[in-house]
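**Q** My questions all concern the structure below.
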Amino acid sequence: MSRSLKLANVTAQIGPNQVLNDVSLDLAQGEIGCLLGPSGCGKTTLLRVIAGLQEISGGEVLIGDTIVSRPGQTLSTEKRSIGMVFQDFALFPHLTVFDNIAFGLRNLSRAQQKHRIATLVELTGLQGLEKRYPHELSGGQQQRVALARALAPSPDVLLMDEPFSSLDRELREKLACEVRDILKAEGATAILVTHDPFEAFAMADQVGVINSGEILQWGDSYCLYHAPTHPFVARFIGHGDFLAGTLILPDRLQTPLGAIQLSQPLEGKFATLFVRPELLQVVEHGPIRAKVLQRRFRGAHYLYTIQLNDGTQLTVQSSLLLTPGDECHIALNLTEPPIVFPGAASDIQMDMQGSLTPP
C-alpha cells in the first residue's frame, strides 16, 4: 500500500463556524509536509481531520488509495495506520525507554520486537538509554523516544503536533534537523504542525502556509520565501516591508526606492512592493537618502529602521555600525524578480492588521 496522503477540497465545521475552507494538499510516499501558521489558523484542526478526530463537511481525505474521510463517513483513528507525536511527548512515565517504544508492537513476537526496537534506538541515537525512565532523560531525548514509539509500528503517515514547542530555540532547530534525517532514513510520510517558519524550513519538503482555515500557498521553502503569492505568506515567512507603488507602465512600478521592472505586467493603477531587509544595502553614495531611527543588534548584523525623505519607513540589514539620527544612503539590490502584489499598500496593510509576524 502506498504511504501517501491526499486532501481534496476539504471543508470542516465546528458548530456553525466553518474552520477549514476548501483545503487541498498532496504528499507522496516519503515526503515531509508542514502546516505553518499562527494560533487559531486551523492547522491543528486540519491535523485532527487527518487523524480521524474531526469530521469533515466536504471533500475527501485519502491515505494511500483508501478514502478515510468524506462527509458522513469517517474511518476511526485506530483503523488508520497513523502515528502521532504530541507537544508534551505523552510518554508513559512508569515505562522504560524500551517499553515505551515497544508499546505499539504487541502484535509482534518478542524477538521481532527486540529487532525493531534495536533498529529505532540506533536510528534515534538512544543507545544505552533503553532502561531509563522518562524523568531521567533530557527534553531532546524524550522527544526522540516519542518519535521512536510513533515510528515503531511503521505507520503509513506520521502526524506531529508542535513537537518542539516546549524546547528552547537552539534545541528546536537542532532536533528538527535530526528528526528530518530520522524520518528520511525510515522512509516515513509525515506532516508537521508548527507556528515557527524555521522549524518548517528545517523539517519539510513541502510547506503550506495556512490562515483563517485556508492554505494560502503550498510549496517548498525557497519558493515561499522568494516568491510568495499572498501578502500574508510574505510577511509570516519573514521580515519585510510593504511599499506603495504606482504603475507607470503595466510592467514598471514607481516606488519610493525608484522605478522597478516587473517580471509580469499588472493591471490597474496601484501595486505594492514587498522588500526584505537583506535586499537593501547601506552605500557610501546613492540617490536614496535616509535617516536612521532605530538599531537592533542581531549578532552577525544589525537591523535598522530607517526613514526616507518622503516619510516611508523601512527595515535594513547591515554589518555597518550606524547610530540613530545618522544620515545614510541606501540601494535596492534585486537579485531575483521583485515580490509585488496587486493593489494599494494601504489596503494590503489594513488586511494584514492582526496577523502575526515571527521574530
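**Q** Considering only the other residues whose Cβ falls under 14 Å of the Cβ of PRO153, what net charge follows from Lys and Arg at +1 and Asp and Glu at -1?
**A** +3
**Q** Work from the charge dipole of the chain (Cβ charges, +1 for Lys and Arg, -1 for Asp and Glu, about the Cα centre) and give the residue of SER69, ILE14, LEU123 farthest towards its positive end.
**A** Checked the options; the winner is LEU123.
**Q** Would you work out which of ALA90, PRO337, HIS195 lies farthest towards the positive end of the dipole of the chain, given +1 charges on the beta-carbon of Lys and Arg and -1 on that of Asp and Glu, about the Cα centre?
**A** Sorting the options by dipole projection puts first ALA90.
**Q** Rule-of-thumb check for the range 96-231: C-alpha Rg over 2.2 N^0.38 Å?
**A** Normalised Rg, Cα atoms only: 1.17.
**Q** Please list the non-local residues whose amide H lies under 5 Å from the amide H of GLY83, H modeled 1.01 Å from N, same-chain partners needing a gap of 5 or more.
**A** VAL157, LEU158, LEU159
**Q** Right, next: What share of the DSSP beta bridges in the range 5-226 is antiparallel, in percent to the nearest 5?
**A** Within the range 5-226, antiparallel bridges account for around 55 percent of the total.
**Q** I need VAL207, VAL157 ordered by Cβ neighbour count within 10 Å, fewest first.
**A** Least to most surrounded, the residues fall as VAL157, VAL207.
**Q** Also, quick follow-up: Per-residue HN-Hα couplings for the range 16-23, Karplus 6.51 cos²θ - 1.76 cosθ + 1.60 at θ = phi - 60°, whole Hz, x for Gly and Pro?
**A** x, 8, 7, 9, 10, 10, 6, 8
**Q** Moving to a separate point now. Could you give the dipole magnitude of the chain about its Cα centre, charging the beta-carbon of Lys and Arg +1 and that of Asp and Glu -1, in debye to the nearest 20?
**A** 740
**Q** Show me the trypsin sites (Lys or Arg not before Pro) within the range 208-308 that DSSP assigns to loop and that have at most 15 other Cβ atoms within 10 Å of their Cβ.
**A** Sparse-neighbourhood loop trypsin sites (Lys or Arg not before Pro): LYS269, ARG298.
**Q** For the range 254-359, take the convex hull of the Cα atoms, compute a quarter of its surface area, and give me that in nm², please.
**A** One quarter of the hull surface, i.e. the mean projection, equals 7.7 nm².
**Q** What whole-number distance in Å separates the alpha-carbon centres of the range 282-359 and the range 1-49?
**A** If we compute the Cα centre of each part, the gap is 35 Å.
**Q** I would also like to ask the following. For the range 183-199, just list the computed ³J(HN,Hα) in residue order, Karplus coefficients 6.51, -1.76 and 1.60, θ = phi - 60°, integers in Hz, with x standing in for Gly and Pro.
**A** Each residue's phi maps through the Karplus curve to give 5, 5, 5, 7, x, 7, 8, 9, 9, 10, 10, 7, 9, 9, x, 5, 5 Hz.
**Q** Right, next: Give the Rg/Rh ratio for the chain, taking Rg as the radius of gyration of the Cα atoms and Rh as the Kirkwood radius, to two decimals.
**A** Rg/Rh for the chain comes to 1.05.
**Q** Order these by the 10 Å Cβ neighbour count, fewest first: CYS223, CYS328.
**A** Ranked by crowding around the Cβ, least crowded first: CYS223, CYS328.
**Q** For the chain, modelled as a Gaussian network with Cα springs under 10 Å, which listed residue fluctuates most, ASP220, ASP251, ASP310?
**A** Among ASP220, ASP251, ASP310, the largest mean-square fluctuation in the Gaussian network model of the chain belongs to ASP310.
**Q** In addition: Show me the GluC sites (Glu not before Pro) within the range 249-291 that DSSP assigns to loop and that have at most 11 other Cβ atoms within 10 Å of their Cβ.
**A** GLU267, GLU284
**Q** Additional query: Using a Gaussian network model on the chain with a 10 Å cutoff between Cα atoms, which of VAL68, VAL292, VAL209 fluctuates the most?
**A** VAL292
**Q** So how tilted is helix 110-123 from the main axis of the chain? Cα-based, degrees 0 to 90, rounded to 10.
**A** Around 20 degrees separate the two axes.
**Q** Let me ask something else. Report, in listed order, any pair from LYS131/LYS174; LYS79/LYS131; LYS43/LYS269; LYS79/LYS114 with a Cα-Cα distance greater than 28 Å.
**A** Distance filter (> 28 Å) returns LYS79/LYS131; LYS43/LYS269.
**Q** Treat every Asp and Glu Cβ in the range 239-352 as -1 and every Lys and Arg Cβ as +1, leave all other atoms uncharged, and give the resulting dipole magnitude about the Cα centre to the nearest 20 debye.
**A** Charge dipole, the range 239-352, about its Cα centre: 260 debye, nearest 20.
**Q** Gaussian network model of the chain, Cα springs within a sub-10 Å range: biggest mean-square fluctuation belongs to which of LEU243, LEU159, LEU192?
**A** Per the Cα network of the chain with a 10 Å cutoff, LEU243 tops the list.
**Q** Mean residue ellipticity at 222 nm from the helices of the chain, using -39,500 (n - 2.57) per DSSP H segment of n ≥ 4 over the full residue count, to the nearest 500 deg cm²/dmol?
**A** -7000 deg cm²/dmol
None of the figures in this text is laboratory data; all of them are computed from the coordinates on show. All of these numbers come straight from a predicted model, not from anything done at the bench. Note that we place each Cβ from the backbone using ideal geometry, even for glycine, and neighbour counts take in every protein chain shown.
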